[in-house]
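Since the structure comes first, as structure tokens, the remarks are kept for the end.
No lab work stands behind these numbers, since they all come straight from the coordinates. Quick caveat: nothing in here was measured; it's all calculated off a predicted structure. Reconstructed Cβ throughout: ideal geometry from the backbone, glycine too, with neighbour counts over all protein chains shown.
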């Protein structure tokens, strides 16, 4: 696995689990972004649960924050990030829709969200590596 996914799953498996999906991604990249993990978590606190109202999934918003903090602000890259996640989930990007679809399939929320975090991190790392190698 990759070091970012390992770190994120370590955070998600703490008891009690303290971080939402956005906070988990923000904490995962905090050190490389030169910020404290607590500050990173506070930056991501209002993006979990789809901005706390079922809107855009926190793994997307946190992913866009991390990409921006790593100097990636190209509309083509940020659009690709969002589109690829949507393509993997029947076009859905809103937390409420994603959770509803998961529940209809009999899925477990924590497992679903953990998988979304892993997907977002893998895509962040892929896009960052690609942009750094241009």
The one condition residue 101 fails out of (1) outside any loop (DSSP other than H, G, I, E, B); (2) free of Cβ contacts under 8 Å to residues at least 40 places away in the same chain; (3) within 19 Å of residue 47 (Cβ to Cβ) is (3)
(message) Can you confirm whether residue 129 is surrounded by 13 or more Cβ atoms within 10 Å (Cβ to Cβ) and out of contact with any helix residue (DSSP H, G or I) (no Cβ under 6 Å at 6 or more places or on another chain)?
(response) no
Scanning the range 13-22 for residues that are surrounded by 12 or more Cβ atoms within 10 Å (Cβ to Cβ) and over 17 Å from residue 38 (Cβ atoms) gives 21
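Could you please give the count of residues in the range 34-67 that are at negative phi, part of a helix (DSSP H, G or I) and surrounded by fewer than 16 Cβ atoms within 10 Å (Cβ to Cβ)?
We begin by selecting, within the range 34-67, every residue at negative phi; these are 35-48, 53, 55-67.
Still in the running and part of a helix (DSSP H, G or I): 37-44, 48, 53, 58-67.
Cutting the leftovers down to surrounded by fewer than 16 Cβ atoms within 10 Å (Cβ to Cβ) gives us 38-39, 42, 53.
Of the residues in the range 34-67, 4 are at negative phi, part of a helix (DSSP H, G or I) and surrounded by fewer than 16 Cβ atoms within 10 Å (Cβ to Cβ).
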Note on the range 98-126: residues closer than 15 Å to residue 61 by Cβ and surrounded by fewer than 18 Cβ atoms within 10 Å (Cβ to Cβ) are 119
Checked against (1) touching a residue at least 12 places away in the same chain (Cβ under 8 Å); (2) more than 16 Å from residue 29 (Cα to Cα); (3) not in a loop (DSSP other than H, G, I, E, B), residue 76 satisfies every condition except (1)
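Return the only residue of 107, 71 being over 15 Å from the mean Cα position of the chain (by Cα), part of a loop (DSSP other than H, G, I, E, B) and within 27 Å of residue 14 (Cα to Cα).
Result: 107 is the single residue among 107, 71 that is over 15 Å from the mean Cα position of the chain (by Cα), part of a loop (DSSP other than H, G, I, E, B) and within 27 Å of residue 14 (Cα to Cα).
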Scanning the range 83-97 residue by residue, those surrounded by fewer than 18 Cβ atoms within 10 Å (Cβ to Cβ) and assigned to a helix (DSSP H, G or I) turn out to be 83, 84, 86, 87, 96, 97
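May I ask you to say which residue of 42, 22, 55 is more than 16 Å from residue 118 (Cα to Cα) and in contact (Cβ under 8 Å) with a residue 24 or more places away in the chain?
Selected residue: 55, the only one of 42, 22, 55 that is more than 16 Å from residue 118 (Cα to Cα) and in contact (Cβ under 8 Å) with a residue 24 or more places away in the chain.
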